[in-house]
Amino acid sequence: MSIRKAETSDASRIAEMIVTNYRANFYPIFQNEDFYFGELNVLDVAKEYMEEPDVIDNTYVYDDGVVKGMIRLDKNEIVKLYVEPQFQNQRIGAKLLTYAMNEKAADWLWVLEKNTRGIAFYKRNGFDMSGEKMLEDGWIPLLKMECKR
């Protein structure tokens, strides 16, 4: 197992994981076909990782010969954490999260209020609700979680 800093050559693989997870986890909540199967696409997400240095510079991947998971940070905030669905339930997400907490001092994140699976994952791995809430884009309810270790 190896967690390493992402490189621009990882951009398409990272984008695949993000798009796949967005569709699997968030489409059932929002039911927005235009966004999840139109606007959201691997090419545009990969472009963000290839063309914006601060994005790729703050992304780490789980790579054991195949990039199976990714985590993106912004200072001590966890911005994104995704594992390819075929490799979920193998503790890859937990390893990425532990790496971010121990090696990069990441200790908080925003989670979609209706993402019960994500909330349960973070709680199992040392996070708890801070009590703070936010509306992203004026209508998407997010909850703040903080590391309680």
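The values are calculated or read from the model by the stated rules, or taken from the named source; none is laboratory data. All values reported here derive from a predicted model rather than from experimental measurement. Heads up, the Cβs are rebuilt from the backbone with ideal geometry, glycines too, and the neighbour counts pull from every protein chain shown.
From the set of residues in the stretch 36-50 that are in a helix (DSSP H, G or I) and touching a helix residue (DSSP H, G or I) at 6+ places or on another chain (Cβ under 7 Å), which is nearest to S12 (Cα to Cα)?
It comes out as A46.
Being aromatic (F, W, Y) and under 15 Å from the mean Cα position of the chain (by Cα) is the filter; apply it to the stretch 33-86 and report the residue that is surrounded by the fewest Cβ atoms within 10 Å (Cβ to Cβ).
As a first pass, look at the stretch 33-86 and keep what is aromatic (F, W, Y): 35-37, 49, 60, 62, 82.
Applying the additional criterion that residues be under 15 Å from the mean Cα position of the chain (by Cα) yields 49, 60, 62, 82.
On the way: Y49: 23, Y60: 21, Y62: 24, Y82: 24.
This residue is Y60.
Residue-by-condition table, conditions (1) under 20 Å from D128 (Cβ atoms); (2) small (G, A, S); (3) modelled with pLDDT under 95:
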| site | (1), (2), (3) |
| --- | --- |
| Y60 | no, no, no |
| I78 | yes, no, no |
| L81 | yes, no, no |
| P85 | no, no, yes |
| D107 | yes, no, no |
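Any residue in the stretch 96-109 that's at positive phi: show its pairings with residues that are assigned to a loop (DSSP other than H, G, I, E, B) at Cβ separation under 7 Å, as long as the two are six or more apart or on different chains.
A105/N76
Here are some conditions: (1) more than 16 Å from the chain's Cα centre (by Cα); (2) within 27 Å of K114 (Cβ to Cβ). F26 meets all but one. Which one does it not meet?
Going through (1) more than 16 Å from the chain's Cα centre (by Cα); (2) within 27 Å of K114 (Cβ to Cβ) one by one, F26 breaks only (1).
In the stretch 51-91, what residues are within 15 Å of E16 (Cβ to Cβ), touching a strand residue (DSSP E or B) at 6+ places or on another chain (Cβ under 8 Å) and not in a strand (DSSP E or B)?
Within the stretch 51-91, E84, F87 meet the criteria.
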